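In what follows, a single structure is set out as structure tokens and then discussed.
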Amino acid sequence: MSEAKWYVVHTYSGYENKVKANIEKTIENRKLQDQILEVIVPVQDVVEMKNGAKKVVSKKMFPGYVLIHMIQNDDTWYVVRNTRGVTGFVGPGSQPIPLTEAEMKNLGISREAAVEIDVEEGDSIEVISGAWEGTQSIVKAINMAKQTVTIDVDMFGRATSVEIGFTEIRKM
């Protein structure tokens, strides 16, 4: 059996979430959970100013596209391609081209196993490797998707926020 890879599917604009729901329903009905592993509509939180107030809203990173983690074969290709709202896979002709590891990493999605940490916001940590090795600080934020924590470090006499990978820190 071949390896699961990430593919990009083009949809009608505004139908991304409906396509995701339809594919997930088909996966369940046809018992394809072991072949189509994940369907995502990448979003990012953006701060908008409305009437002088800041408001955080989720915006689609790629309107008109859905990412699918699947093992490509005739069944999975057929299911995805014939889902209502899907116009086709991204790739030449009818042959889908999987995303590379570098492309997935740029999107914040990687195949590396998630690192679990016993750190919460407000905890004291020490940086054990990298540019800030030996620095002690307080965790300001945790980003599980990117596997990073945000801490303040002293740079040029000012507190500056930096992101540090989970593997580079130790709880004090």
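The values are calculated or read from the model by the stated rules, or taken from the named source; none is laboratory data. Just so it is clear, the model here is predicted, and its values are computed rather than measured. Here the Cβ is made from the backbone with ideal geometry for all residues, glycine too, and neighbour counts use every protein chain on show. Side chains are part of the model used for accessible areas, which takes the heavy atoms of the whole protein and leaves out ligands, DNA and RNA. Shrake-Rupley method; radii C 1.70, N 1.55, O 1.52, S 1.80 Å.
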Problem set entry | Yes/no for Val162 being at pLDDT below 90 and assigned to a strand (DSSP E or B) | yes
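Listed here are the residues, each with its yes/no results for (1) β-branched (Val, Ile, Thr); (2) open to solvent by less than 80 Å² (accessible area, probe 1.4 Å).
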residue	(1), (2)
Val127	yes, yes
Gln136	no, no
Val139	yes, yes
Phe166	no, yes
Problem set entry | Among residues of the stretch 135-159, those that are modelled with pLDDT of 90 or more and over 29 Å from Pro42 (Cα atoms), counted | 3
Exercise. Restricting to the stretch 17-62, what's the tally of residues that are open to solvent by less than 100 Å² (accessible area, probe 1.4 Å), closer than 14 Å to Thr83 by Cβ and in contact (Cβ under 8 Å) with a residue 60 or more places away in the chain?
Worked result: 3
Problem set entry | Residue, modelled with the highest pLDDT, within the stretch 91-118, restricted to residues that are closer than 12 Å to Gln147 by Cβ and open to solvent by less than 80 Å² (accessible area, probe 1.4 Å) | Ile117
For this session: Identify, from the list Tyr12, Tyr65, the residue that is under 22 Å from Lys105 (Cβ atoms) and surrounded by 11 or more Cβ atoms within 10 Å (Cβ to Cβ).
Result: Tyr65
For this session: Scan the helices (runs of 4 or more DSSP H) fully inside the stretch 1-116 and keep the ones with 3 or more residues being more than 30 Å from Gly165 (Cα to Cα).
Result: 16-30, 74-81
Problem set entry | Selection from the stretch 145-164 of residues that are open to solvent by 100 Å² or more (accessible area, probe 1.4 Å) and either in contact with a strand residue (DSSP E or B) (Cβ under 9 Å, 6 or more places away or on another chain) or within 20 Å of Gly108 (Cα to Cα) (or both) | Lys146, Asp154
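Could you tell me how many of the residues in the stretch 77-87 are touching a residue at least 24 places away in the same chain (Cβ under 8 Å) and more than 22 Å from the chain's Cα centre (by Cα)? Show your work before the answer.
Keep residues of the stretch 77-87 that are touching a residue at least 24 places away in the same chain (Cβ under 8 Å), which gives 79-80, 83-87.
So of that shortlist, the ones also more than 22 Å from the chain's Cα centre (by Cα) come out as 79, 83-85, 87.
Qualifying residue count for the region: 5.
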